[in-house]
Amino acid sequence: MKIAILSRKASLYSTRRLREACIERGHEVEVIDYLRCYMNIASKQPTITYGTRSLHEFDAIIPRVGASHTFYGSAVVRQFDMMKVFALNSARGIAQSRDKLRALQLLGRAGVGLPVTAFGHSFKDVDGIINSVGGAPLVIKVLEGTQGIGVVLAETKKAAQSVIEAFMGLDVNFLVQEFIREAGGADIRAFVVGDEVVAAMQRQAPEGEFRSNVHRGGVASAIELSDEERETAVLSAKIMGLNVAGVDMMRSERGPLVLEVNSSPGLEGIERSSGVDVARKVVEFIEQQVDPLGLKLAAPAQAAEDDEASEEPEESAS
């Protein structure tokens, strides 16, 4: 099988591990910088050109689309789909999971456990927003943030008012969420491939920090998930329309609460903490979906339908 990994850098840990797994499984593999791809959108013969070369020989692609390039990266993935190439994650699933507000709305509509979350726009509603999530302490998250950047813990109502008003004044889109005290600064990353969780880790925030991201100094360790946590992770990935996803959750008194669903979850932290060869699991899943002639054997996960007709860092590792 010929597999393309859509990634900006071949040296990134996740890209390198996926490439190694493809080779170990006997496949031809190439790392393609998706920002160097340009497309001819034709109804009868859609094409993708990489430099001066037409990309028509691949049976499957593994998208590793960075958060800052979601729009263009999704367009490239969509073009490969038009060319009947199997995409590990669909363009719709990638775009949908990257829209944090929309993702939470879809998860909530499906009954998935979430932290109480508020979203507003007017300065007149600041107190109402704060009260709707149970008051301070509370967490304020910029919608475009990644790896813990743009996440603020407001420990008092005054602090919450100041941060919310500052974000509103800057016209920054943000969410306000309840603070899950019993989580103790820890969260869970469940790595979903197809219909199962293949690996999981717990990330513990360092002392004096509430963000557990490894990039923020969090410590990762292996963890055993409950059946409910596994079911929640798999369901969340399916709702987003993702075959492969990193589902971030917190343990609470009312069960697992989903924080985010990542379409390009990093492999470094999860492989090192769990001891699982996650890259191999990903490649084996592709083999189950595409036969040796390059024909799709099974439909990819379908994203949850939204009311809108239109759709629209590579490493989300920590």
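Taking segment 69-110 as the region of interest, how many residues are in contact with a Leu (Cβ under 9 Å, 6 or more places away or on another chain), among the small types (Gly, Ala, Ser) and over 27 Å from GLN288 (Cα atoms)?
2
Condition (residue is modelled with pLDDT of 95 or more, loosely packed, with under 14 Cβ neighbours inside 10 Å and not assigned by TED's automatic domain parsing to the domain that holds GLY194) applied to segment 12-23: is it met by at least one residue?
The answer is yes, given that some residue of segment 12-23 is modelled with pLDDT of 95 or more, loosely packed, with under 14 Cβ neighbours inside 10 Å and not assigned by TED's automatic domain parsing to the domain that holds GLY194.
Which of the following residues is over 15 Å from ILE94 (Cβ atoms), polar (S, T, N, Q) and part of a helix (DSSP H, G or I): THR15, THR70?
After applying the criteria, what remains is THR15.
Restricting attention to segment 144-191, which residues are more than 15 Å from PRO115 (Cβ to Cβ) and of a type in the set (S, T, N, Q)?
THR146, GLN147, THR156, GLN161, SER162, ASN173
Among the candidates VAL163, VAL112, VAL126, single out the residue that is of a type in the set (Val, Ile, Thr), crowded, with 16+ Cβ neighbours inside 10 Å and part of a loop (DSSP other than H, G, I, E, B).
Among VAL163, VAL112, VAL126, only VAL112 is of a type in the set (Val, Ile, Thr), crowded, with 16+ Cβ neighbours inside 10 Å and part of a loop (DSSP other than H, G, I, E, B).
With the checklist (1) more than 30 Å from VAL142 (Cβ to Cβ); (2) basic (Lys, Arg); (3) assigned to a loop (DSSP other than H, G, I, E, B) in hand, flag the one item ARG8 doesn't pass.
For ARG8, the failing item is (1).
So, of the residues in segment 167-177 that are surrounded by 13 or more Cβ atoms within 10 Å (Cβ to Cβ) and not aromatic (Phe, Trp, Tyr), which turns out to be farthest from the chain's Cα centre (by Cα)?
Taking segment 167-177 first, the residues surrounded by 13 or more Cβ atoms within 10 Å (Cβ to Cβ) are 167-168, 172-177.
Restricting the remaining residues to those that are not aromatic (Phe, Trp, Tyr) gives 168, 172-173, 175-177.
Details: MET168: 26, VAL172: 21, ASN173: 19, LEU175: 17, VAL176: 20, GLN177: 19 Å.
Looking at residues that are surrounded by 13 or more Cβ atoms within 10 Å (Cβ to Cβ) and not aromatic (Phe, Trp, Tyr), I get MET168.
Quick check on segment 245-267. Is at least one of its residues assigned to a helix (DSSP H, G or I), within 17 Å of the chain's Cα centre (by Cα) and either buried (at least 18 other Cβ atoms within 10 Å of the Cβ) or modelled with pLDDT of 95 or more (or both)?
No, every residue in segment 245-267 fails to be assigned to a helix (DSSP H, G or I), within 17 Å of the chain's Cα centre (by Cα) and either buried (at least 18 other Cβ atoms within 10 Å of the Cβ) or modelled with pLDDT of 95 or more (or both).
The values are calculated or read from the model by the stated rules, or taken from the named source; none is laboratory data. These figures come from a predicted structure and were not determined experimentally. As a convention, Cβ positions derive from the backbone with ideal geometry for all residues, glycine included, and neighbour counts pool all protein chains shown.
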